[in-house]
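Inspection log for the structure reproduced underneath, given as structure tokens.
The values are calculated or read from the model by the stated rules, or taken from the named source; none is laboratory data. Note that the structure is predicted; figures quoted are calculated from it, not measured. Cβ atoms come from the backbone with ideal geometry, glycine included; neighbour counts cover every protein chain shown. Quick note on the areas: whole protein, heavy atoms, side chains included, nothing else; ligands and nucleic acids left out. Shrake-Rupley method; radii C 1.70, N 1.55, O 1.52, S 1.80 Å.
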2 protein chains.
Amino acid sequence: MAKSSEAVKVVGAWSSPFAMRPLIALKIKSVEYECLEEEIGCKSEFLLKSNPVHKKIPVLIHGDKLVCESLIIVEYIDEVWSSAPSILPSDPYDRAIAKFWAAFVDDKFFPSMKESYIGVGEAKKAGLKQMVDGLALLEDAYVKCSKGKPFFGGNQIGYLDIALGCFLGWLRVIEKSFQMKLLDEAKTPGLLNWAETFCAHPAVKDVMPQTDQLIEVSKLISRLRAASASSPPK
Amino acid sequence: MAKSSEAVKVVGAWSSPFAMRPLIALKIKSVEYECLEEEIGCKSEFLLKSNPVHKKIPVLIHGDKLVCESLIIVEYIDEVWSSAPSILPSDPYDRAIAKFWAAFVDDKFFPSMKESYIGVGEAKKAGLKQMVDGLALLEDAYVKCSKGKPFFGGNQIGYLDIALGCFLGWLRVIEKSFQMKLLDEAKTPGLLNWAETFCAHPAVKDVMPQTDQLIEVSKLISRLRAASASSPPK
């Protein structure tokens, strides 16, 4: 069994929404950790060895144990440091609902968000529409899950707050890029307030990147992609 | 909180690997259930209402509660009927590993399996290669997780056994269709034995479809797909 006192490291990148998830979870649990920062556009040998199946950040290193996949890491953190505030709801049905919407965020919302930003032509339009539709569904889920409290998880940040909240930085990048509001008083009043409260939370504010910093990352990724597309195959 | 004594129904289809997962979990827990069988190629109004986001089977109905997404349903069953044999491992790290490979099965293995069967040309070839590579990774995972015992979950069927095992019926369909062995003594000796033990288990044998029955379903799906492709758009 993993001991909660063993050293904790996170292989991640400050601009990655997925890598932000373990960090917020560790902060909620008041666990000290070290960040092993990956360079954008370049996977370290250490990362390739730590996550040979997906070759992706984040990876949690806890003593001699490696845990991959951001939401699985959040659940692991919740279970190992079980005496600190809970991240997943205690009731099985509430847990199932939180996991359902977290899976929706990863499988439907994130791909549409990505397509709306880096896609072209009709695919970009379709991505934007799907993202807006997804936000409407998530607004409804927020109303039902939060029951008038500030977070999806009630009075405290929970699993679904972390799952969705990590995308708020990039959502703002898209808003700025399209010069439009994706969260507003008319269509998503709950999520609009939630986003502000979430980003100001002590477990979040130090790890949520600024919009301008993310725009610079976005330009760098575009340059790397263009260079890769124009370089001859090896 | 959901009461374990409330009536249980599963909206599913006997030929669906995903719909098989809740049934195996309920059998492990010795929970009586009723099957609400969906017709192949036709989604009932009840299903559309029960799972409006994904419009997919399976859906678990427990009293007045609805739970969607097959692996989330299995976790829900494990948590509600917690006094019966456990499905997920008790150690947080073992749980994380089981969830990691179950996610691999759904996100990587299943899509490659589908592509190898219904894809065409190069995509079909690539799907077959990815599926074979996936089975090699799963063989390695089996050796590590089972530690010489019959199941991924040790001496009892666990989460990852259910996640992967539900595809064994369709794996046999592909083996028959391609006249090749996907599980064999040389490359996947562990999985070969595991598959036999899994399919003969009392919680599995009555819900695992016969290969010939699935081949008939496969023909029906092909006919429905062809009819849909040739009908004028509405």
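Number of residues in region A:114-143 that are closer than 21 Å to A:Gly158 by Cβ and either away from chain B (no Cβ under 14 Å) or at pLDDT below 95 (or both): the value is 2. Cβ separations smaller than 7 Å between residues 6+ apart or across chains give no pair from region B:1-30 residues that are more than 14 Å from every other protein chain (Cβ to nearest Cβ) to residues that are open to solvent by 10 Å² or more (accessible area, probe 1.4 Å) and basic (Lys, Arg).
Scanning region B:63-72 for residues that are touching a residue at least 60 places away in the same chain (Cβ under 8 Å) and either facing chain A (nearest Cβ under 8 Å) or open to solvent by 50 Å² or more (accessible area, probe 1.4 Å) (or both) yields one hit, B:Lys65. Filtering region A:73-101 to residues that are of a type in the set (A, V, I, L, M), assigned to a loop (DSSP other than H, G, I, E, B) and either surrounded by fewer than 20 Cβ atoms within 10 Å (Cβ to Cβ) or facing another protein chain (nearest Cβ under 9 Å) (or both) leaves A:Ala84, A:Leu88.
If we keep just the residues of region A:16-41 that are touching a Gly at 6+ places or on another chain (Cβ under 8 Å) and outside any helix (DSSP H, G or I), which is surrounded by the fewest Cβ atoms within 10 Å (Cβ to Cβ)? Residue satisfying both the conditions and the ranking: A:Glu37.
Just the residues that are among the hydrophobic types (A, V, I, L, M, F, W, C) and either open to solvent by 40 Å² or more (accessible area, probe 1.4 Å) or in a loop (DSSP other than H, G, I, E, B) (or both), please, taken from region A:42-59. Of everything in region A:42-59, those that are among the hydrophobic types (A, V, I, L, M, F, W, C) and either open to solvent by 40 Å² or more (accessible area, probe 1.4 Å) or in a loop (DSSP other than H, G, I, E, B) (or both) turn out to be A:Cys42, A:Phe46, A:Leu48, A:Val53, A:Ile57.
Note on region B:203-220: residues that are open to solvent by less than 90 Å² (accessible area, probe 1.4 Å) and outside any helix (DSSP H, G or I) amount to 5. I need the full set of residues from region B:102-113 which are more than 9 Å from chain A (Cβ to nearest Cβ) and more than 13 Å from the chain's Cα centre (by Cα), in order please. Result: B:Ser112, single match.
Check whether at least one residue in region B:174-190 is under 18 Å from the mean Cα position of the chain (by Cα) and open to solvent by 70 Å² or more (accessible area, probe 1.4 Å), and report yes or no. Within region B:174-190, not a single residue is under 18 Å from the mean Cα position of the chain (by Cα) and open to solvent by 70 Å² or more (accessible area, probe 1.4 Å).
Tell me, please, whether a residue that is of a type outside the set (D, E, K, R), buried (at least 19 other Cβ atoms within 10 Å of the Cβ), in contact with a strand residue (DSSP E or B) (Cβ under 9 Å, 6 or more places away or on another chain) and not in a helix (DSSP H, G or I) can be found in region B:149-158. Among the residues of region B:149-158, at least one is of a type outside the set (D, E, K, R), buried (at least 19 other Cβ atoms within 10 Å of the Cβ), in contact with a strand residue (DSSP E or B) (Cβ under 9 Å, 6 or more places away or on another chain) and not in a helix (DSSP H, G or I), which makes the answer yes.
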